[in-house]
Amino acid sequence: MSKYQVDKNGFYGEFGGAYVPEILYKCVHDLQDAYLPIIESEEFKQEYHALLKDYVGRPSPLYFARRMSKQYGCQLYLKREDLNHTGAHKINNTIGQILLAKKMGKTRIIAETGAGQHGVATATVCALMDMKCEVFMGATDVERQHTNVERMKMLGAEVHPVRTGNMTLSDACSEAIRDWCCHPADTFYIVGSTMGPHPYPDLVARMQSVISEEIKWQLEAQIGRDYPDYLIACIGGGSNAAGTIYHYMDDERVKIVLAEAGGHGWDTDYTAATIHRGTTGILHGAKMLVMQDEDGQIQEAFTISAGLDYPGVGPMHCNMAKQGRTQVLSINDDEAIYGGYELTRMEGIIPAIESAHAIAALKKLKFQPDDVVVLTVSGRGDKDVETYLKNKQMAKEYGNF
Ligand SMILES: *Cc1c(COP(=O)(O)O)cnc(C)c1O
């Protein structure tokens, strides 16, 4: 029996559950009853894996990074989710959820998005499956992430700017839930990370678990052993991290290190380091660690990375961190910028600024020379080139690029 998997009531230890308004009870219960029989059926698995292979381009390579291995005194392998169609791991999840939505007879798709990556991944599969798609996005993000808004529109999605609160990701989630309340019968809400009411955290983790399923056989083929000594991933809501660790959660030979976004520092007011800073609360349908003030008002998350800009973190990760199964590091903006430049110059791979947080974690760990380290590059950095160039001086403290 796994110590870290969801229980039958949707809890990971004290975290998780399904705290939804009464009008969504039936809808959420229907999904709780339907998701496992459907995603474990042979028909679903065949369609899902065929699309992952021919549409997404899986398996993603497990690449031995020779120069970076030398730099950090370990055997470093990069799991290349950046090479997926649409440029990140998010499409693994949206492909799975849209197949589920179709099999449940839903006709309209809604999604929330922050940086726009999940919005694009959702609009993409909606075009593929000929489904109506509406995306909620904070008005601030609509301005900041203009290119992704244009991509979503080109793909046929309708983008709704959200003007409540800080007008960012957290407000977009609230608005998507509000819309869902108005159209519970025909609408499927495609959640973008391991968050939301049960069963979403488990559903998203399972859809992303293809990452560690592949790591297992790829390591076996490359080094003759199907587990690493370390797994490293960045963590926002927690979906690429969940996928990376899924098949190793209970394997205590494997150390798990997660990198959350420290912003200016986890002990400042400008941070998104939820596991360092959060306290238990309920946000977007689940009990989790949340950055909030004494009155339970949600505090705005701050980080250079739009994809990690969320004041909560998925319940699976809250529990694993609390149990001491994962080591969570807070990586500041300047450290992430340096990590991004380092991977670019040493391996010729420009990582997403989110993934650069995971790269920066390498500096904070002490390895033995034969330690096998698998680090997930969750996305590509094309979208972040401007941010890297604009903030180049931040990396100066650590080295010269
Ligand atoms: C969205 C995103 C993340 C953060 O989301 P998780 O659910 O924590 O994985 C990380 N990296 C990239 C490239 C993203 O687009």
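Summary of computed values
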quantity	calculated
The range 273-394: relative contact order as a whole-number percent, Cα under 8 Å and 6+ apart	19 percent
Cα centroid separation - the range 298-375 against the range 249-272, whole Å	7 Å
Acute angle (nearest 10 degrees) that the helix 25-39 long axis makes with the longest principal axis of the chain, alpha-carbon atoms	60 degrees
Interatomic Cα distance distribution for the chain, bins of 10 angstrom, percent	5, 25, 36, 26, 8, 1
Within a Gaussian network of the chain (alpha carbon springs, distance under 10 Å), most fluctuating of Tyr12, Tyr227, Tyr55	Tyr55
Hz values of 3J(HN,Hα) by residue in the range 41-53 - Karplus curve (6.51, -1.76, 1.60), Gly and Pro given as x	6, 4, 4, 4, 4, 4, 5, 4, 5, 5, 5, 4, 6
Sequence-distant residues sharing a close amide H with Ile256 (under 5 Å, placed H)	Leu231, Gln327
Other-chain or far-sequence residues with amide H under 5 Å of Gly379's (modelled H)	Asp82, Ala352, Ser355
Relative contact order (%) - the chain, alpha-carbon pairs under 8 angstrom, separation at least six	19 percent
The range 197-296: relative contact order as a whole-number percent, Cα under 8 Å and 6+ apart	21 percent
Farthest toward positive dipole pole in the range 173-332 [+1 Lys/Arg, -1 Asp/Glu at C-beta], among Tyr270, Gln222, Val313	Gln222
Using θ = phi - 60° and Karplus 6.51 cos²θ - 1.76 cosθ + 1.60, couplings along the range 54-65 (whole Hz; Gly, Pro as x)	8, 9, 7, x, 7, x, 7, x, 10, 9, 6, 8
Calculated FRET efficiency for the pair Lys45/Leu389, C-beta based, R₀ 56 Å, to 0.05	0.85
Per DSSP, loop trypsin sites (Lys or Arg not before Pro) in the range 363-397 with at most 11 further Cβ within 10 Å	Lys366
Antiparallel DSSP beta bridges within the chain, as percent of all bridges there, nearest 5	30 percent
Over the chain: helical MRE at 222 nm, DSSP H runs n ≥ 4 each giving -39500 (n - 2.57), nearest 500	-11500 deg cm²/dmol
Magnitude of the charge dipole, the chain, Cβ model with Lys/Arg +1 and Asp/Glu -1, debye to 20	860 debye
At R0 = 41 Å, FRET efficiency that the Cβ-Cβ distance of Glu213 and Cys181 yields, to 0.05	0.70
The range 11-50 versus the range 98-130: alpha-carbon centroid distance in Å	16 Å
Residues with amide H under 5 Å from that of Thr194, placed H, sequence gap 5 or more	Gly238, Ser239
Of Asn148, Asn93, Asn240, the one that fluctuates the most in a GNM where the chain has Cα springs shorter than 10 Å	Asn148
In degrees, nearest ten, helix 333-347 long axis to first principal axis of the chain (Cα)	70 degrees
Among Pro184, Pro369, Pro315: highest mean-square fluctuation, GNM of the chain, C-alpha pairs under 10 Å	Pro369
Among Ala233, Tyr246, Cys173 - extreme Cα towards positive end, dipole of the range 159-302, charges at beta-carbon	Tyr246
From phi via Karplus (6.51, -1.76, 1.60), per-residue ³J(HN,Hα) for the range 109-115 in Hz, x at Gly/Pro	10, 10, 8, 9, 8, x, 6
Check: the range 1-77 dipole with +1 on Lys, Arg Cβ and -1 on Asp, Glu Cβ, in debye	820 debye
Neighbour-limited loop hits for trypsin sites (Lys or Arg not before Pro), the range 6-65 (at most 15 other Cβ within 10 Å; DSSP other than H, G, I, E, B)	Lys8
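Values quoted throughout were computed directly from the atomic coordinates according to the rules given, and no laboratory measurement underlies them. Keep in mind the model is a prediction, meaning the values are calculated, not measured. When we count neighbours, we look across all protein chains shown, and the Cβ atoms used for this are built from the backbone with ideal geometry, even at glycine.
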